[in-house]
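Written below as structure tokens is the structure these notes are about.
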Amino acid sequence: MRLGRGRGRAAAARDLTRRALRGGVAGPDAVEDVLLVVSELVTNVLDHTSCDPLLVVCFRAGRVRVEVRDADPRLPVPQHPSPAAPHGRGLALVAAVSVHHGVRRLPGAGKAVWALLALRPTPREP
């Protein structure tokens, strides 16, 4: 989904992803982790580039891959903020909740920043 720029784009991305995760495909903790990753990756594009982010969410074999693409050639750089700094922890948060994460250059121009998360299904009642 191409998200465009402007207010509310990260929220729109979270809402779209939340709807895709309905139906017990993931437990509440896993849903929150996925939404955190979506929010951080989309916000990074909006804050650090002038590009429109493209959100891609794929489900396979109990995992979800979140990928955010943009046309900016600069790769993200993990920060090491002081405890009092209000920003700079996004990629560290993504790393903390994902099984794997990374970045790849796209053919032509731009990049895709991605994270792979395990989906823990909602427990069934006995």
### Query
Counting just the residues of segment 48-63 that are closer than 12 Å to residue 119 by Cβ and not charged (D, E, K, R), which one comes out surrounded by the fewest Cβ atoms within 10 Å (Cβ to Cβ)?
61
#### Entry: Qualifying residues in segment 22-40 (those that are assigned to a loop (DSSP other than H, G, I, E, B) and in contact (Cβ under 8 Å) with a residue 60 or more places away in the chain) - the one surrounded by the fewest Cβ atoms within 10 Å (Cβ to Cβ)
24
### Task
State the number of residues belonging to segment 12-21 that are in contact (Cβ under 8 Å) with a residue 12 or more places away in the chain and part of a helix (DSSP H, G or I).
6
### Meets criteria (buried (at least 19 other Cβ atoms within 10 Å of the Cβ), over 9 Å from the mean Cα position of the chain (by Cα), assigned to a helix (DSSP H, G or I) and of a type outside the set (Phe, Trp, Tyr)) for residue 45
yes
## Note on the structure
Picked from segment 73-115 (must be loosely packed, with under 14 Cβ neighbours inside 10 Å and polar (S, T, N, Q)), the residue nearest to residue 44 (Cα to Cα) is 79
### Task
Please tell me if residue 52 is closer than 24 Å to residue 6 by Cβ, assigned to a loop (DSSP other than H, G, I, E, B), of a type in the set (D, E, K, R) and touching a residue at least 40 places away in the same chain (Cβ under 8 Å).
yes
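All of the numbers you see were taken from the coordinates with simple rules; none came from a lab. Since the model is a prediction, treat every value here as computed from it, not as a measurement. Neighbour counts run over all protein chains shown; Cβ positions are idealised from the backbone, glycine included.
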